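Working notes, beginning with the structure itself.
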Amino acid sequence: MTASDRLIDDIYRAATDPDLWPQVMHDLAASADAAGGVILTRRSDAWAGWRFSAGMVGVDEYLRSPDVARSEAPTRLLAANRAGFVDAAEVFTAEEWLADPVMTHWGAPNGLHHAAAMAMPMPTDDFVVVHLARRAGQPRFEPDAIARLDSFRPHLARAGLLAARWRLERLRAATEALSLIGLPAVILDLRGRALIANALIEKLTRHVKWLPGDRVALADAAADALLRRGLADISAPAAVTARSFPARGRAEVTVLVHLVPMIADARDFFDGGYGLMVVTPVTRSGAPNTALIRGLFDLTAAEANVAGAIAEGLSPEQIAVRHGTTSATVRSHLKSVFAKTGVARQSQLAALLARQIELPFPPVE
């Protein structure tokens, strides 16, 4: 098998195993004598997630910074409207390229200069960009190098399509699993667009509004504002934004809305932030349903026990005595619970779980 054949094979493998993309980007860059590469997904005028090779020093910090929003690179790449790679020198003058944030805030400080990139639209209304960079002192990408990169374009496009479809099926499975235990649920992107919804949440017309473009809103304006703020912070699991809050509907019927970050493999193409919105009724106070909380927040059994005990008002020391373990072990579990539930203090966790979670609908037979 040639190096080209191995790279093509790895591209398709990366469609279902995102951890392979850094090596794929490294090998793709090497085929064109570049220092490294990054593959990104873009949604709603913002980069949603990315994977990059080891040679792309500093790219993670740049893509998370506000400076990235000022770059003209995505706009000019899309305006080129080419089904293949575009050398930056074709869409920027030398002065414009050196003045763009992609160079001033990332490329130049890390010894990079010339770049080539391509954009691939996805059926989910997102698009995927592959960006390769050469080190300072190297020439721009020659026509032969662009041609070599273009030979991989069809495979990258198919892999992106497969990854998008794979992601949607996994998200669909998550909402249907909640439907089986009677929980209305919808998975939202950062704009509040519904990607996958189960049939139960479609029945909640008193509380949930369906807007043009598959966007979801809450009938309660105050709760909807909390939902928007929660979605804006969904990529940061440890953010202190409220993620469980009451929402009133028509006839003054109140429910609790839980916004759960989709973590690890459950997230979007390249780990872009998504929120799982689950709706439960407001009921009497009491000990939380440990099994249900474990499923909602992806907790281990030990973490769920600690979370439930905190909701009952126990201290870490009391929990340690109850379960015959050490306070250090309890605090370790508690730290993990904080990360998964998006809270930072025990009082916040207790407030999050203060209501008994009951099923608003019977489980699906």
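The values are calculated or read from the model by the stated rules, or taken from the named source; none is laboratory data. Remember, it's a predicted structure, so these values are computed and weren't measured experimentally. Quick reminder, even Gly has a Cβ in these numbers, built from the backbone with ideal geometry, and neighbours come from all protein chains shown. Each accessible area value is taken on the protein alone, full model and side chains, heavy atoms only, with ligands, DNA and RNA left out. Shrake-Rupley method; radii C 1.70, N 1.55, O 1.52, S 1.80 Å.
Given the criteria among the acidic types (Asp, Glu), in contact with a Lys or Arg (Cβ under 8 Å, 6 or more places away or on another chain) and modelled with pLDDT under 85, does Asp220 qualify?
Here the answer is no, as Asp220 does not meet what is asked.
Suppose we keep only residues that are open to solvent by 30 Å² or more (accessible area, probe 1.4 Å) and in contact with a helix residue (DSSP H, G or I) (Cβ under 9 Å, 6 or more places away or on another chain) within the range 52-74. Which one would you say is modelled with the lowest pLDDT?
Within the range 52-74, the match that is modelled with the lowest pLDDT is Ala69.
Do we find that His105 is within 15 Å of Asp60 (Cα to Cα), part of a helix (DSSP H, G or I), in contact (Cβ under 8 Å) with a residue 40 or more places away in the chain and not β-branched (Val, Ile, Thr) in this structure?
It is true that His105 is within 15 Å of Asp60 (Cα to Cα), part of a helix (DSSP H, G or I), in contact (Cβ under 8 Å) with a residue 40 or more places away in the chain and not β-branched (Val, Ile, Thr).
Within the range 34-47, identify whether any single residue is polar (S, T, N, Q), out of contact with any helix residue (DSSP H, G or I) (no Cβ under 8 Å at 6 or more places or on another chain) and at pLDDT 90 or above, and answer yes or no.
no
The conditions are (1) at pLDDT 80 or above; (2) on the phi < 0 side of the Ramachandran plot; (3) more than 17 Å from the chain's Cα centre (by Cα), and Asp214 fails exactly one of them. Which is it?
(2)
If you scan the range 326-339, which residues turn out to be β-branched (Val, Ile, Thr) and modelled with pLDDT of 90 or more?
Within the range 326-339, Thr326, Thr329, Val330 meet the criteria.
Please verify whether the range 112-125 includes one or more residues that are free of Cβ contacts under 8 Å to residues at least 24 places away in the same chain and loosely packed, with under 15 Cβ neighbours inside 10 Å.
Yes; the residues of the range 112-125 include at least one that is free of Cβ contacts under 8 Å to residues at least 24 places away in the same chain and loosely packed, with under 15 Cβ neighbours inside 10 Å.
What tally of residues in the range 325-337 results from selecting those that are farther than 11 Å from Val306 by Cα and either of a type in the set (A, V, I, L, M, F, W, C) or open to solvent by 70 Å² or more (accessible area, probe 1.4 Å) (or both)?
Number of matching residues: 2.
Output the residues belonging to the range 80-134 that are of a type in the set (D, E, K, R) and in contact with a strand residue (DSSP E or B) (Cβ under 8 Å, 6 or more places away or on another chain).
The answer is Arg82, Asp87, Asp125, Asp126, Arg134.
Pick from the range 179-231 the residues that are assigned to a loop (DSSP other than H, G, I, E, B) and among the hydrophobic types (A, V, I, L, M, F, W, C): which of them is surrounded by the most Cβ atoms within 10 Å (Cβ to Cβ)?
The residue in question is Leu183.
Quick one: how many residues across the range 25-51 are out of contact with any Ser or Thr (no Cβ under 8 Å at 6 or more places or on another chain), within 28 Å of Pro143 (Cβ to Cβ) and surrounded by 21 or more Cβ atoms within 10 Å (Cβ to Cβ)?
6
Filtering the range 1-23 down to residues that are modelled with pLDDT of 90 or more and touching a strand residue (DSSP E or B) at 6+ places or on another chain (Cβ under 7 Å), which residue is surrounded by the most Cβ atoms within 10 Å (Cβ to Cβ)?
Filtering the range 1-23 for residues that are modelled with pLDDT of 90 or more and touching a strand residue (DSSP E or B) at 6+ places or on another chain (Cβ under 7 Å), the one surrounded by the most Cβ atoms within 10 Å (Cβ to Cβ) comes out as Trp21.
For Val59, state whether it is over 20 Å from Pro18 (Cβ atoms) and either touching a Gly at 6+ places or on another chain (Cβ under 7 Å) or β-branched (Val, Ile, Thr) (or both).
Judged against the criteria, Val59 is not a match.
Within the range 13-23, identify whether any single residue is touching a residue at least 24 places away in the same chain (Cβ under 8 Å) and closer than 12 Å to Leu132 by Cβ, and answer yes or no.
no
Could you list all residues from the range 297-324 that are farther than 30 Å from Leu178 by Cβ, open to solvent by 40 Å² or more (accessible area, probe 1.4 Å) and assigned to a loop (DSSP other than H, G, I, E, B)?
Within the range 297-324, Gly324 is the sole residue that qualifies.
Considering Ala116, Ala133, Ala83, which residue is within 23 Å of Asp27 (Cα to Cα) and modelled with pLDDT under 95?
Ala83
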